[in-house]
Amino acid sequence: MGMIMLYGMDVFKENTVAGIAVQQKLSVRHISASEAATPLRELLMPGTVADAPARDAPKAEIMIMALESRAVLDGFLDALKSAGVVVPLKAVVTPTNVNWTVSELIQEITKEHEAMSAGKGGRANE
């Protein structure tokens with residue numbers, strides 16, 4: 001059905017998200033700081049462990065989802081919401097971002113969030 005990859009979360013939140021994922025028959029992968037420079041396509045391969053230095057590993061939490069359908073995605077996100085779990089940075093693996101590293105993905109998603117927030121703030125002040 002798919003995989004959920006988790007980076008930068010505290011143990012309680014990661015365990016909560018992982019528990020929900022397992023209930024929905026999704027596999028879970030913890031991404032370590034040493035894997036932040038690894039492309040998503042490599043992290044999606046079973047048994048792959050990157051061993052790059054953890055230099056400049058981002059200080060953010062992100063949930064990266066590689067799921068087989070929109071229905072699976074919606075069901076998983078609904079379950080997280082029902083459990084009160086908030087993950088500010090979320091991404092779905094796409095043909096475009098599958099070659100990005102975790103660090104690059106975090107940078108891009110952060111830019112998108114900032115742009116959306118600036119846009120909302122700008123409209124509210126008009």
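The values are calculated or read from the model by the stated rules, or taken from the named source; none is laboratory data. In this text the structure is predicted, and so the values were computed from the model without any measurement. Every residue, glycine as well, gets a Cβ built from its backbone with ideal geometry; the counts of neighbours run over all protein chains shown.
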Picked from the stretch 44-81 (must be within 18 Å of THR16 (Cα to Cα) and either among the basic types (Lys, Arg) or in a loop (DSSP other than H, G, I, E, B) (or both)), the residue modelled with the highest pLDDT is LYS81
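Does the stretch 14-43 hold any residues that are part of a helix (DSSP H, G or I), buried (at least 17 other Cβ atoms within 10 Å of the Cβ) and out of contact with any Lys or Arg (no Cβ under 7 Å at 6 or more places or on another chain), and which are they?
As a first pass, look at the stretch 14-43 and keep what is part of a helix (DSSP H, G or I): 14-23, 33-35, 40-43.
Next, from what is left, pick out any that are buried (at least 17 other Cβ atoms within 10 Å of the Cβ): 14, 17-18, 20-21, 33, 35, 40, 43.
Passing the criteria: GLU14, VAL17, ALA18, ILE20, ALA21, ALA33, GLU35, LEU40.
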Checked pairs for the stretch 19-47, first farther than 18 Å from MET1 by Cα, second of a type outside the set (A, V, I, L, M) and part of a helix (DSSP H, G or I), C-beta under 7 Å and 6 or more apart or across chains, list as ALA36/SER103; ALA37/SER103; PRO39/ASN99
- Task: Would you confirm whether any residue within the stretch 58-69 is over 13 Å from LEU105 (Cβ atoms) and free of Cβ contacts under 8 Å to residues at least 40 places away in the same chain?
- Result: yes
